[in-house]
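Working notes, beginning with the structure itself.
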């Protein structure tokens, strides 16, 4: 009697174990991701210089730095502690630096990450200007090719194609300093061309500097 009971218990245990194994085999399992971490770089450069040209073949911006990583998935590049030079539509040079930067494949979007310090180089026609902020996105809209000068009906005047537009935007505190003014606010959007269409989003302060102080800063 005891042997029969023991055999029954063993048989039930084997059935339960078999059922558990069958459940584990046929139950769908979540697949672990094949790769965890940042996108892979297909190549890196040390002590590099990167020049980006616009549609007309003119210099749009130039970047130098100690390290560049090119991402194979989207063609973008990641830059470490870059120094850069940007050129506006009037040919004025803007020099600056940031903690790091990301540039898309076409060179139309540059995200300056961390602390950003930009200077417009003064000339005979423009004053010096400084922009201090963090996490600044610079977007360049290519020159409009849809309305060439010789296009359109004869009864309509010829129109010039729109020049490229380079805008800068940040959600962080931004400070702009020129010889006559100091302005700052939280969140900013502006056109690189002389900071036209300048807009601060909140907490705006505007200070006019005395002429004596302005003269000493030039």
Notebook entry, point to check: Can you work out the FRET efficiency for the pair residue 67 and residue 121, with r the C-beta to C-beta distance and R0 = 30 Å, to the nearest 0.05?
Noted result: 0.70
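For the pair residue 139 and residue 45, what calculated FRET efficiency results from E = 1/(1 + (r/R0)^6), where r is the Cβ-Cβ distance and R0 = 22 Å, to the nearest 0.05?
Working: r = 24 Å, r/R0 = 1.11.
Rounded to the nearest 0.05, the efficiency is 0.35.
Once the piece of chain linking residue 95 and residue 202 is laid out straight, how much longer is it, given 0.36 nm per residue of separation minus the C-alpha distance between them?
Values: separation 107, 0.36 × 107 = 38.52 nm, distance 2.66 nm.
The span from residue 95 to residue 202 would gain 35.9 nm if fully extended.
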Notebook entry, point to check: Along each of its three principal axes, how wide is the spread of alpha-carbon positions in the stretch 56-149, in whole angstrom units, largest first?
Noted result: 38, 35, 19
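Tell me, in nm to one decimal, what length is gained between residue 83 and residue 175 on full extension, where the rule is 0.36 nm per residue of separation less the Cα-Cα distance? Walk me through the intermediate numbers first.
Details: separation 92, 0.36 × 92 = 33.12 nm, distance 1.95 nm.
My answer for the length gained is 31.2 nm.
Taken together, the values in this text are just the output of simple stated rules run on the coordinates, not laboratory data. Because the structure is predicted, anything quoted here is derived from the model rather than measured. Neighbour counts are summed over all protein chains in view; Cβ atoms, including those assigned to glycine, are modelled from backbone coordinates with ideal geometry.
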